[in-house]
Amino acid sequence: MRKQIAAANWKMNLTYQQGEKLLDEILQAKTPLQSHQQVIFTVPFPYLILANSEVANESHYAVAAQNCYHKKSGAYTGEVSAEMLQSIGIKYCVVGHSERREYFGETNQQLAEKINLLLQYGIQPIFCCGEALAIREAATQNAWVETQLKESLFHLSAEELEKVIIAYEPIWAIGTGKTATAAQAQEMHEHIRSFLAKQYGANVANNISILYGGSVKGSNAAEIFAGADVDGGLVGGASLVAEDFVAIIAALK
Ligand code: PEP
């Protein structure tokens, strides 16, 4: 069975002390997990080493960076490279979150470069895609997401693609309290999987975890995750409250 994943995205929230407390509370809940289930804490850069040491003895828990730069190294003051992440033992990195696309102008081509670097350094990208409200209202979301996938991922070999986790995050549902219905999520996830299958074959497409993101909460996670092509979630707001995120972890199938 492909991996079912609950990924927390803390964004630019929590102090170091608050983050440490939150991690402790979530780990202390000792939510029973099966071998195909995984929890990932996507934390701010200054907390990566702490978070990694907190999960060091936890087989189902890992840590992700929220971003990395699209160049290998050099005079890019303030940026963090894939190689730096590898050097502190980070195994996952979110790429192309809609907030980075919108506020920092990240393009599909830059994201392709980030993905190449992450794979080169043995880090699994969590690639975010998804449409804005106007695109959903114009019913062109399938074509929009296809372009994002094509331009950032389709240069990869099948072996490389299998290392990528995809997060479908409709922008109109992020941080708005407005969740896609379980049917809308499943419909897009199925579309993404069949689009991947056309390019890479069904076997490869079936191995790729596709997470849903957009106002997932403890109260709606089980219904959303029940979709056959929904392999868990990327969770913002609700990942900042231990009780809520533990409920989301427990909702993994
Ligand atoms: C996110 O940040 O990726 C996200 C889905 O946020 P929220 O759960 O708050 O909508």
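What are the residues in the range 1-21 that are part of a helix (DSSP H, G or I) and either farther than 14 Å from residue 242 by Cα or open to solvent by 10 Å² or more (accessible area, probe 1.4 Å) (or both), if any? 16, 17, 18, 20, 21, listed by residue number.
When you check residue 38 against the structure, is it outside any helix (DSSP H, G or I), touching a strand residue (DSSP E or B) at 6+ places or on another chain (Cβ under 9 Å) and open to solvent by 80 Å² or more (accessible area, probe 1.4 Å), yes or no? It is false that residue 38 is outside any helix (DSSP H, G or I), touching a strand residue (DSSP E or B) at 6+ places or on another chain (Cβ under 9 Å) and open to solvent by 80 Å² or more (accessible area, probe 1.4 Å).
The residue that is surrounded by the fewest Cβ atoms within 10 Å (Cβ to Cβ), counting only those in the range 82-102 that are in contact with a helix residue (DSSP H, G or I) (Cβ under 6 Å, 6 or more places away or on another chain) and part of a strand (DSSP E or B), is 93. Candidates 58, 79: the one that is open to solvent by 40 Å² or more (accessible area, probe 1.4 Å) and closer than 26 Å to residue 2 by Cα is 58.
Looking at (1) part of a helix (DSSP H, G or I); (2) of a type in the set (D, E, K, R); (3) in contact with a Phe, Trp or Tyr (Cβ under 9 Å, 6 or more places away or on another chain), which one does residue 79 not meet, given that it meets all the others? Unmet condition: (1). If you go through the range 79-110 and keep only what is within 16 Å of the ligand (Cβ to nearest atom) and of a type in the set (Val, Ile, Thr), you end up with 94, 95. Return the residues of the range 207-228 that are of a type outside the set (A, V, I, L, M, F, W, C), touching a helix residue (DSSP H, G or I) at 6+ places or on another chain (Cβ under 8 Å) and farther than 16 Å from residue 175 by Cα; say none if nothing qualifies. Within the range 207-228, 223, 227 qualify.
Restricting 135, 126 to residues that are within 17 Å of the chain's Cα centre (by Cα) and not in a loop (DSSP other than H, G, I, E, B) narrows the list to 126.
Does any residue of the range 188-196 turn out to be more than 23 Å from residue 147 (Cβ to Cβ), more than 16 Å from the ligand (Cβ to nearest atom) and without any contact (Cβ under 8 Å) to a residue 12 or more places away in the chain? There is no residue in the range 188-196 that is more than 23 Å from residue 147 (Cβ to Cβ), more than 16 Å from the ligand (Cβ to nearest atom) and without any contact (Cβ under 8 Å) to a residue 12 or more places away in the chain.
Among the residues of the range 118-145, those that are out of contact with any strand residue (DSSP E or B) (no Cβ under 8 Å at 6 or more places or on another chain), in contact (Cβ under 8 Å) with a residue 24 or more places away in the chain and either surrounded by 23 or more Cβ atoms within 10 Å (Cβ to Cβ) or farther than 24 Å from residue 46 by Cβ (or both) comprise 120, 131, 132, 133, 136, 141, 142.
Conditions tested, residue by residue: (1) more than 22 Å from residue 243 (Cβ to Cβ); (2) under 18 Å from the mean Cα position of the chain (by Cα).
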site	(1), (2)
32	no, no
37	no, yes
43	no, yes
52	yes, yes
67	yes, yes
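Could you check the range 103-123 and list, in sequence order, the residues that are outside any helix (DSSP H, G or I) and polar (S, T, N, Q)?
We begin by selecting, within the range 103-123, every residue outside any helix (DSSP H, G or I); these are 105-107, 121-123.
The answer is 107, and nothing else.
Restricting the first member to the range 101-115 and to residues that are more than 18 Å from residue 154 (Cβ to Cβ), and the second to residues that are open to solvent by 40 Å² or more (accessible area, probe 1.4 Å) and at pLDDT below 95, the beta-carbon pairs closer than 8 Å and six or more apart or on different chains are 102/171.
The values are calculated or read from the model by the stated rules, or taken from the named source; none is laboratory data. From a predicted model like this one, the values you see are computed outputs, not experimental measurements. For neighbour counting, all protein chains shown are included, and Cβ atoms are generated from backbone atoms with ideal geometry for every residue, glycine included. Only protein heavy atoms, including side chains, enter the accessible area calculation; ligands, DNA and RNA are left aside. Shrake-Rupley method; radii C 1.70, N 1.55, O 1.52, S 1.80 Å.
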